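Encoded as structure tokens, the structure appears first; notes follow it.
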Amino acid sequence: MVNPSHNTQLVKKINVELVKNILRSSGTGTKASIAGQTRLSVATCGTILNELVQTGEILELGWEESSGGRPARKYQFNANYSLMICMIVRSEGGIQSISYALANLNGEIMEQTDKVHEQITIDTLTDWLDQIIEVHPNVQAVGIGIPGVVQQDRIGICDVPALADQPLGILLKERYEEVEIIIENDMNLTVYGLYQRLFPDAESHFAVLTFPKDHFPGAGFMVNGRLLNGNSFFSGEVSYLPYGIPREQQLLKKGGDPGKLAIHALVSIISIINPATIVVTGDNISPEMLEDLRSGCREIIPPEHMPELIIQNDTRREYMAGLITTTMESLTYRFQLVERK
């Protein structure tokens, strides 16, 4: 039997999140306007707003201009009440580095820097996190992008050898008990960041295909506006497609043809996912290859099913944007009502 007090506490938490989300998206609001948007009573909204003002999560502003009746007090979401740490781990051209951003609860970046490391280990990450959290004790979430397979807080195949086969998420959650921890694959985050820019208000099928230097090709997919991870989080490992060559030759160190491999992967993605748009990126792909990729796909794919192809070599901004949004959503959507079907 479900404890009634537990249900009451859960409903209250959901209602609190509703009020905060409305103020986050609208900027400011009154008790009456928030009640109208959340469908909660004015009294309930008033109680929640009073509590959030006391904790500092909501700021109490001045009075709204009166139109003849009693003026209403305005409230504003305090985006700086808590902060998020977002870290991107990279291995490019034999160089390992970490890109770091400190963002508020609106996703606005407050600090940002990059560091090169001889070798990135779990201690490298925790040492840096310890330093940042000591300076910013109001950090509420940590998001980390990894160049590898991430499955249930564990890293599998990874371009950073010291992180491969490590339970990174589990270790960080034990170390930072009061902090939300998000560990995600680099391609998934890049896909999410690009998708937000290209399809801000629509649900569509979308794919990103990358051919990085000295690493195997990879891909990421959005299907109906949702990230496709796959049964074992192996989705997007296109280096395992049957290209007809040994897998090691996909690294293109011996004069291989990236265009031929890209067309093969594109045709596979188009015929399976049928995306509206595919962004092709990576150091082994140049903008001059775009028409060859299009014509190569058209030899196999009927024209009415061809997606828009875009080549974009630099996706660092979208990668960080995807990481910030994913980390922010881990806080925003912690409490949800699930409809059973």
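All of the numbers you see were taken from the coordinates with simple rules; none came from a lab. Predicted model only: the values in this text are computed from it and were never measured. So basically every Cβ, Gly included, is an ideal-geometry build from the backbone, and we count neighbours across all protein chains shown.
Tabulated results
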{"quantity": "Mean ellipticity per residue at 222 nm, deg cm²/dmol - from DSSP H runs of n ≥ 4 across the chain, formula -39500 (n - 2.57)", "calculated": "-11500 deg cm²/dmol"}
{"quantity": "By average C-beta atoms within 10 angstrom, highest first, the peptides 150-161, 307-318", "calculated": "150-161, 307-318"}
{"quantity": "Farthest positive-ward along the chain dipole, Cα basis, beta-carbon charges - from Phe206, Ile14, Ser268", "calculated": "Ile14"}
{"quantity": "Gained length - Glu108 relative to Arg73, 0.36 nm times residue gap less alpha-carbon distance", "calculated": "10.0 nm"}
{"quantity": "Most fluctuating residue given options Gly220, Gly148, Gly282, as computed from a GNM of the chain linking Cα atoms under 10 Å", "calculated": "Gly282"}
{"quantity": "Tensor-based shape of the range 217-326 (alpha-carbon gyration tensor, a/c under 1.5 rounded, otherwise prolate or oblate)", "calculated": "rounded"}
{"quantity": "Antiparallel DSSP beta bridges within the chain, as percent of all bridges there, nearest 5", "calculated": "60"}
{"quantity": "Cα gyration tensor, the range 26-90 - rounded (a/c under 1.5), prolate or oblate", "calculated": "prolate"}
{"quantity": "Tensor-based shape of the chain (alpha-carbon gyration tensor, a/c under 1.5 rounded, otherwise prolate or oblate)", "calculated": "prolate"}
{"quantity": "Modelled FRET efficiency - R0 45 Å, Ser295 with Thr44, Cβ distances, 0.05 increments", "calculated": "0.15"}
{"quantity": "Given charges at beta-carbon only (K, R positive; D, E negative), |dipole| of the chain in Debye", "calculated": "1100"}
{"quantity": "Among Glu60, Glu237, Glu134: highest mean-square fluctuation, GNM of the chain, C-alpha pairs under 10 Å", "calculated": "Glu134"}
{"quantity": "Too-long pairs where the Cα-Cα distance tops 25 Å, listed order kept, from Lys20/Lys115; Lys173/Lys213; Lys31/Lys173; Lys13/Lys173", "calculated": "Lys20/Lys115; Lys173/Lys213; Lys31/Lys173"}
{"quantity": "DSSP beta bridge pairing in the range 105-209, given as percent antiparallel to the nearest 5", "calculated": "35"}
{"quantity": "Net charge dipole size for the range 140-221 [Lys, Arg +1 and Asp, Glu -1 on Cβ; Debye, nearest 20]", "calculated": "220"}
